[in-house]
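Engineer: Sending over a structure as structure tokens; questions will come in a sec.
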Amino acid sequence: MRCPYCGSLETQVKDSRPTEDASSIRRRRVCPDCGGRFTTFERVQLRELTVVKKSGRRVPFDRDKLMRSVEVAMRKRPVEGERVERMINGVVRQLESQGESDIQSDKIGELVMEGLRSLDSVAYVRFASVYRNFREARDFNTLIDELAGSDPAVEPEPEERTAKGRSPSRA
């Protein structure tokens, strides 16, 4: 493994252990040349996946890109990182077990939305607003109404609520 600090190819594994959900192996490494320490993860990969974009362009599936997009949606939300990691692992397992190496980008988006919906409703709405390319506040209202209609834990805001005694404004 190449050292991310100095580029040396002679790094040493100092510690290996399975992650909490046993889906990967966490390795602590050290570079004897510069003394830099870093962590790597080893995961099972059933097949090489290719993402087929809406434009028809094909790119290799990148788990880290998926994780970054979910982390943006989860920013400042009270959800444990371990639960997010399990959700990402579940999405990747579903994609790999489909038997197809070409995956439509919208299939990935739908699986992520399904996972986020069960983790955190705010993160779900954030992700959906980008994934579905919301253009107006009405798009948010429609999604929140869908979410509230299917999840008894989410209560829609009362329409007659006012701010400082003023009549409610419509978006």
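Each reported figure results from applying straightforward, stated rules to the coordinates on display, with no laboratory input. From a predicted model like this one, the values you see are computed outputs, not experimental measurements. Methodologically, a virtual Cβ is constructed for each residue, glycine included, from the backbone with ideal geometry; neighbour enumeration extends over all protein chains shown.
Engineer: Compute from the Cα atoms of the chain the Rg and the Dmax, the latter being the longest Cα-Cα distance, and quote both in angstrom.
Structural biologist: Spelled out, the Cα radius of gyration and Dmax of the chain are 21.0, 69 Å.
Engineer: If the only charges are +1 at each Lys and Arg Cβ and -1 at each Asp and Glu Cβ, what is the size of the charge dipole of the range 1-53 around the Cα centre, to the nearest 20 debye?
Structural biologist: That gives a dipole near 80 debye.
Engineer: Among Ser97, Cys6, Ser69, whose Cα sits farthest toward the positive end of the charge dipole of the chain (+1 at Cβ of Lys/Arg, -1 at Cβ of Asp/Glu, about the Cα centre)?
Structural biologist: Cys6
Engineer: With labels modelled as points extended 7 Å from the Cα through the Cβ direction, what inter-label distance (nm, one decimal) is found for Thr19 paired with Arg37?
Structural biologist: For Thr19 paired with Arg37, the spin-label model returns 2.1 nm.
Engineer: Given Cβ point charges of +1 (Lys, Arg) and -1 (Asp, Glu) and nothing else, what value in debye, to the nearest 20, does the dipole of the chain about its Cα centre take?
Structural biologist: For the chain, the charge dipole is close to 680 debye.
Engineer: Out of residues 5 or more away from Arg77 or on other chains, whose amide H comes under 5 Å of its own, with H placed 1.01 Å from N in the peptide plane?
Structural biologist: none
Engineer: If each of Ser69 and Ser129 carries a label point 7 Å out from its Cα toward its Cβ, how far apart are those two points in nm?
Structural biologist: 1.7 nm
Engineer: A follow-up question, please. Given the C-alpha centroids of the range 21-40 and the range 58-109, what is the distance between them in whole angstrom?
Structural biologist: With the range 21-40 and the range 58-109 each reduced to a Cα centre, they are spaced 23 Å.
Engineer: Could you list the trypsin sites (Lys or Arg not before Pro) in the range 79-156 that lie in coil according to DSSP, counting only those with at most 10 other Cβ atoms within 10 Å of their Cβ?
Structural biologist: Arg135
Engineer: How compact is the range 1-96 by the rule of thumb for globular proteins, expressed as Cα Rg over 2.2 N^0.38 Å?
Structural biologist: 1.29
Engineer: Please list, by residue number, every one of the chymotrypsin sites (Phe, Trp or Tyr not before Pro) in the range 58-141 that is coil in DSSP and has at most 15 other beta-carbon atoms within 10 Å.
Structural biologist: Within the range 58-141, the qualifying chymotrypsin sites (Phe, Trp or Tyr not before Pro) (loop, at most 15 other Cβ atoms within 10 Å) are Phe134.
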